[in-house]
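K.L.:
Please read through the structure below; I'll follow up with questions.
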Amino acid sequence: MENKTVAIIGGGIIGSSIGFQLSSLGNKVIIIDKGPFQESCSAHSFAWVNASSKSPIGYHSLCRSSVNKWPKFAKQLGTEVGLDLNGTTKWENSEEGADLARQRVETLQSWDYPVQIVDEEFIKAKNPSIHIKNMTFGQYIPNEGHVEPKRVIDACQFNIRENGGEIINDCAVTGFEKDSDTHNITGVITSSGTIACNTVIIAAGTGTQELAGLLDIYIPLLESPGVVAWTDPQPKTINGIIMSPAISDGTYTGNDEQSEVHIRQRVDGSYQMVNERGGIGNHHEQNDDSQEKAEDLLKHLTEYFPHLNTSTAIAEPVGYRPMPEDKFPVLGYDENWSNVYISVMHSGVTLAALVGEYVATEINYKVQIPELEEYRPSRFKK
Ligand SMILES: Cc1cc2nc3c(=O)[nH]c(=O)nc-3n(C[C@H](O)[C@H](O)[C@H](O)COP(=O)(O)OP(=O)(O)OC[C@H]3O[C@@H](n4cnc5c(N)ncnc54)[C@H](O)[C@@H]3O)c2cc1C
């Protein structure tokens with residue numbers, strides 16, 4: 001197989017995981033990122049690795065394959081990436097919430113997904129520090145969890161360098177050097193000069209629409225802001241992901257019956273918390289990244305985890321999900337520019353393990369992976 005020089009625009013979790021796999025196959029990988037990392041979506045992610053919130057079944061299966069690939073991917077990276085696949089624990093405290101959750105569990109079970117209906121005793125045995133009030137329904141999904149995107153990115157980029165590749169930071173891609181006869185891109189024009197390559201991957205998150213537009217490739221993205229918050233490091237008390245119903249009586253701002261509080265704990269002991277929406281494919285679009293909001297969220301969290309009442313809330317700037325118009329991943333070569341590959345998606349943390357491997361396989365071996373057929377960029381027409 002002839003090795004290529006592949007320029008990857010975007011060093012978030014998607015560009016870095018693809019770069020890692022391509023460089024492991026012997027290709028010369030150059031990642032170009034305008035940085036800083038704090039402005040990428042991967043820096044603000046809740047990083048839930050899951051398939052339980054995904055529908056329809058085809059997309060659920062894609063995410064499920066990636067959940068299953070995470071342990072192998074983390075092992076390949078050869079360092080601690082904070083992968084915690086100790087399950088998703090979720091409960092409801094209203095009859096309406098219980099009915100919706102039960103229906104979803106039945107659907108997932110009909111897809112042979114390993115979700116279990118559990119009682120309060122089970123949840124408390126798994127996570128003794130939780131205080132549950134008025135539980136009407138509980139579920140546990142043993143194969144899911146979370147990971148730390150920054151650690152994954154650092155590990156991928158370390159390996160890319162070890163394999164002879166380059167990571168160019170603080171460098172914005174502003175254009176492409178085109179060969180209109182062969183319909184190929186021969187170089188990427190950047191703020192620091194032109195970088196020659198024979199394949200280009202646009203994995204620029206929310207910057208993908210604009211970059212693709214320079215080549216007249218139409219990739220419509222929606223604006224989808226989201227906000228997480230942190231605590232300072234605390235003793236390790238929870239495993240996996242915890243999803244509690246939000247208290248919607250007006251005590252905490254912006255919550256209604258569909259609101260939930262999701263939490264996880266990183267390797268350093270810090271808790272991450274986020275207000276989310278229940279239901280399939282729902283995302284809580286929010287812009288309030290103030291210190292007051294972070295403190296409100298932490299106070300809310302202490303309803304379920306009273307031991308956190310002495311911890312400090314740390315606000316995190318708003319993050320923007322790279323959300324394709326139809327909410328599904330965009331993966332594949334452009335029909336016109338034959339060496340330009342697009343890779344943009346929400347749930348990029350869940351999908352990074354699979355996408356890295358599949359995209360590298362398609363590019364390196366010139367094959368088409370059937371599971372990616374419905375996600376090709378050509379589905380969007382102006
Ligand atoms: C609040 C929130 C919660 C989330 N929760 C989850 C979750 O629980 N599970 C999950 O799977 N996903 C979740 N996501 C989504 C997930 O984080 C993203 O899908 C993922 O991080 C996208 O990674 P990426 O590499 O595609 O993009 P990014 O991380 O944004 O990386 C793209 C990079 O491209 C660079 N770039 C852009 N334009 C240019 C240019 N012109 N030149 C050079 N570089 C450029 C940027 O600097 C950036 O570093 C969440 C997102 C948010 C905001």
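K.L.:
Please give every one of the aspartates and glutamates within straight-line cross-link reach of residue 69, meaning a C-alpha to C-alpha distance under 14 Å, and leave out same-chain neighbours fewer than 8 residues apart.
P.N.:
Straight-line reach from residue 69, under 14 Å: 84, 144, 357.
K.L.:
So if each residue of separation counts as 0.36 nm, and I subtract the Cα-Cα distance between residue 178 and residue 98, what length gain in nm does that give?
P.N.:
Stretched out fully, the residue 178 to residue 98 stretch lengthens by 23.2 nm.
K.L.:
Follow-up. In debye, nearest 20: dipole of the range 210-368 around its Cα centre with unit charges on the Cβ of K, R (+) and D, E (-)?
P.N.:
My answer is approximately 600 debye.
K.L.:
On to the next question. Evaluate E = 1/(1 + (r/R0)^6) for residue 256 and residue 318, where r is the Cβ-Cβ distance and R0 equals 25 Å; express this FRET efficiency to the nearest 0.05.
P.N.:
Given R0 = 25 Å and the Cβ-Cβ separation, E is 0.75.
K.L.:
Now for a different question. Can you find, among 301, 225, 239, the residue farthest towards the positive end of the dipole of the range 225-302? Put +1 on the C-beta of Lys and Arg, -1 on that of Asp and Glu.
P.N.:
Toward the positive end, the furthest listed residue is 239.
K.L.:
Something else: To the nearest 20 debye, what charge dipole does the range 58-133 have about its Cα centre, counting +1 at the Cβ of each Lys and Arg and -1 at the Cβ of each Asp and Glu?
P.N.:
So the magnitude is around 480 debye.
K.L.:
About the Cα centre of the range 1-129, what is the dipole size in debye to 20, counting +1 per Lys and Arg Cβ and -1 per Asp and Glu Cβ, all else neutral?
P.N.:
700 debye
K.L.:
Expected output is a single nm value to one decimal: the length gained when fully extending between residue 39 and residue 158, i.e. 0.36 nm times separation in residues minus the C-alpha distance. What is it?
P.N.:
Extra length from residue 39 to residue 158 when fully extended: 40.8 nm.
K.L.:
Here's a follow-up. Expected output is a single nm value to one decimal: the length gained when fully extending between residue 327 and residue 111, i.e. 0.36 nm times separation in residues minus the C-alpha distance. What is it?
P.N.:
This chain segment gains 75.6 nm when fully extended.
K.L.:
Straight-line reach from residue 299: which lysines have a Cα under 18 Å away, not including same-chain ones fewer than 8 places off?
P.N.:
Correct list for residue 299: 133.
K.L.:
On C-alpha positions alone, give me the angle between the axis of helix 95-110 and the longest principal axis of the chain, in degrees, nearest 10.
P.N.:
The angle comes out at about 50 degrees.
K.L.:
Moving to a separate point now. For n ≥ 4 DSSP H runs only, could you compute -39500 (n - 2.57) per run for the chain, divide by its residues and tell me the 222 nm figure to the nearest 500?
P.N.:
Mean residue ellipticity at 222 nm (helix-derived): -8500 deg cm²/dmol.
K.L.:
First measure r as the distance between the Cβ atoms of residue 125 and residue 335, then evaluate 1/(1 + (r/R0)^6) with R0 = 45 Å and state the FRET efficiency to the nearest 0.05.
P.N.:
0.25
K.L.:
Taking amide H positions as placed in the peptide plane 1.01 Å from N, state which residues far from residue 222 in sequence (5 or more) or on other chains have amide H under 5 Å from it.
P.N.:
The answer is 323, 325.
K.L.:
For the range 20-27, take each phi angle, set θ = phi - 60°, evaluate the Karplus expression 6.51 cos²θ - 1.76 cosθ + 1.60, and give the result in whole Hz per residue in order, putting x for glycine and proline.
P.N.:
Going residue by residue, I get 4, 5, 5, 6, 5, 8, x, 7 Hz, with x marking Gly and Pro.
Every read-out reported here was derived from the displayed coordinates using simple, explicitly stated rules and does not represent laboratory data. A quick note: this is a predicted structure, and the numbers were derived from the prediction, not measured. Virtual Cβ from ideal backbone geometry, glycine too; neighbours counted across all protein chains shown.
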